[in-house]
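Q: Please find one structure pasted underneath; my questions will follow.
What follows is calculated from the coordinates using simple rules that are stated; it is not laboratory data. This structure is a prediction, so every number in the text was calculated from the model and none was measured. We place every Cβ from the backbone using ideal geometry, glycine too, and count neighbours over all the protein chains shown.
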Amino acid sequence: MGANVNAPVGFRPVFNLLGSPLNGGVLECYLAAGTSGSYFIGDPVTIAGDSDQYIAGAPSVSIASAGTGYPIFGVIVGFRPDPTNLALTYRTTLTARYCYVQVAHPWMVWEIQADSTAAVAYTDVGSNVNFAAGGGGSTITGLSSWVAATTSMTTTSTYQGKILAVSQEPSNVLGNTYATLLVTINLCWLGACCSNASAGSTYIGGVGV
């Protein structure tokens, strides 16, 4: 069997464990002009603590922090078209833009690529895992570079996600690096005990126990 291709796209919503369909129910959010960094489809975000004053109080979001204890509010799945540049598929740094966010909850299953650090074995399924930003999203495709950090595959309950399964794509090779995983998010922002929790906080509503 061949090796997996290193082609991350960040988080991609796949299905809901409760059985309800993915029907396009997303939340329009705001990326403020003062927020640095480019943003891409598949990037995880967290609530920034305020809202846009123009579009009925659309919540402001910023990139989620990678690592133990940091919650994820949701994942960018698209952007409102920029009338000045309809071909722009991502958000450039320090520019205001509206994005569409799939809000995270413990029963949503996401697809994400593993990084290059360690091969994913069958014994790693069921482990908790943190996520990492990767090398930066693509300004060509507009897709994210976020990955699952394979150095963190263990039972630690404050890790950001859980490996539910390995994707059954025919080209996905178990036991190699860059495997595509099916994960759930343990540290959902909506399940946090406090509204803007940081590392080391306690969470409810997750499945990473």
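Q: With an 8 Å Cα cut-off and a minimum separation of 6 or more residues, compute the relative contact order for segment 12-191 in percent.
A: Relative contact order comes out at 26 percent.
Q: So, in nm, how far is label Leu164 from label Val14 when the simple model puts each one 7 Å beyond its Cα toward the Cβ?
A: Using points 7 Å along Cα→Cβ, the separation is 0.7 nm.
Q: While we're on this one: Considering only DSSP beta bridges with both partners in segment 12-191, what is the antiparallel share in %, to the nearest 5?
A: Expressed as a percentage, antiparallel bridges in segment 12-191 total about 90.
Q: How many angstrom lie between the C-alpha centres of segment 116-192 and segment 21-83?
A: Their Cα centres are 20 Å away from one another.
Q: Could you give the length gained on full extension between Ser36 and Thr141, defined as 0.36 nm per residue of separation minus the Cα-Cα distance, in nm?
A: Between Ser36 and Thr141, full extension yields 35.8 nm more.
Q: Placing unit charges on C-beta atoms (Lys and Arg positive, Asp and Glu negative, everything else neutral), compute the dipole magnitude of the chain about its Cα centre in debye, rounded to 20.
A: So the dipole magnitude of the chain works out to roughly 40 debye.
Q: Starting with the highest mean, order 147-153, 12-18 by the number of other Cβ atoms within 10 Å, averaged over the residues of each peptide.
A: Per-residue Cβ counts within 10 Å, averaged per peptide and sorted highest first, yield 147-153, 12-18.
Q: Binning every alpha carbon pair distance of the chain at 5 Å from zero, what are the percents per bin?
A: So the P(r) values, bin by bin, are 1, 8, 16, 20, 20, 17, 11, 5, 2, 0, 0.
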